[in-house]
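Undergrad: Here it is, the structure in full.
Computed from the coordinates by the stated procedures, all read-outs in this text should not be read as laboratory data. Just so we're clear, the structure is a prediction, and the values are computed from it rather than from any experiment. When we count neighbours, we look across all protein chains shown, and the Cβ atoms used for this are built from the backbone with ideal geometry, even at glycine.
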Amino acid sequence: MKLRAFGSRNDRPGEDPEDRAATPAPAPEPAVDPKRPAGKGKPTPKRRDQERARGLHTGPVTAPMTRKEAKERKKAAEAGMSKEERKAHRAELRAAREERRQLMLDGDDRYVLSRDRGEVRRYTRDWVDTHRRLINWFMPLALFVIVFQLIPDPTLMMYSQTLFLILIAVIVVDGVLLGRSVNKAVRERFPDTEDTGFGLGFYAVMRATQPRMLRTPRPRVRPGDTI
């Protein structure tokens, strides 16, 4: 036992110096990095979002904005599935996509682009598909000119350039005539419509320049049919 002078600062009532020395100091708390996320690093998805991803929750659904978000939704939808269930689920998704694609090609207003919706646009497509015009040969002739441009022959290159200029002039003239004819036919069939003018004519010209096999929605009528 150590002797201390009376009035020493270590001599406090109710305190035993030996007990105070034997008491271990509290361990320092580990430093927490504020930039490091806690737990898994991302919030747990809500039950409603999980059910919606699995198709169990009905209601308005927002489309994914990025591929990463779409991938996360797909992973959440297949989280609790077995290997066979995932295969069946993916097969159903492929079948649904193919069905939507076929409906879009058939011209269903629920699946086509906004520019293709409506009775006026459907009638315009049918009108273009039933008429043969010079503008229908634009893509084949343009490809023909490009091939001749690749041949290192000055004579062929000169003729191909001349042919290309003539082709452009013919397409412009025929496109203007086509736009006027389509607008006239649409006004006669739909006198109350406001979907006329340059926009409708340009829509008809763009469809007429495409080969029939590449047109979307696909043609419903043949050349020469009555609509």
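Undergrad: Hey, fewest Cβ within 10 Å first, where do THR66, THR124, THR226, THR162 land in order? Write out the running numbers ahead of the final one.
TA: Values: THR66 8, THR124 24, THR226 5, THR162 11.
Result, fewest neighbours first: THR226, THR66, THR162, THR124.
Undergrad: Name the residues whose placed amide hydrogens come within less than 5 Å of the amide hydrogen of THR209, ignoring near sequence neighbours (fewer than 5 apart) on the same chain.
TA: Residues meeting the criterion, in which the H sits 1.01 Å from N, do not exist here.
Undergrad: Continuing with the same structure: In sequence order, what are the phi-derived ³J(HN,Hα) couplings for the range 175-180 according to the Karplus relation 6.51 cos²θ - 1.76 cosθ + 1.60 with θ = phi - 60°, rounded to whole Hz, with x for glycine and proline?
TA: x, 5, 5, 5, x, 5
Undergrad: Right, something else. Order these by the 10 Å Cβ neighbour count, fewest first: VAL186, VAL147. List each step's numbers first, then the result.
TA: On the way: VAL186 23, VAL147 11.
The fewest-first ordering by Cβ neighbours comes to VAL147, VAL186.
Undergrad: Provide the per-residue ³J(HN,Hα) series for the range 197-206, in order, calculated from phi with Karplus coefficients 6.51, -1.76, 1.60 and θ = phi - 60°, each as a whole number of Hz, with x at glycine and proline positions.
TA: Once rounded to whole Hz, the list reads x, 5, x, 5, x, 5, 4, 5, 5, 4.
Undergrad: I've got another one for you. In whole Hz, with x marking every Gly and Pro, tabulate ³J(HN,Hα) for the range 119-133 from phi via Karplus 6.51 cos²θ - 1.76 cosθ + 1.60, θ = phi - 60°.
TA: In residue order, the calculated couplings are 5, 5, 5, 5, 5, 4, 4, 5, 5, 5, 6, 8, 10, 9, 9 Hz.
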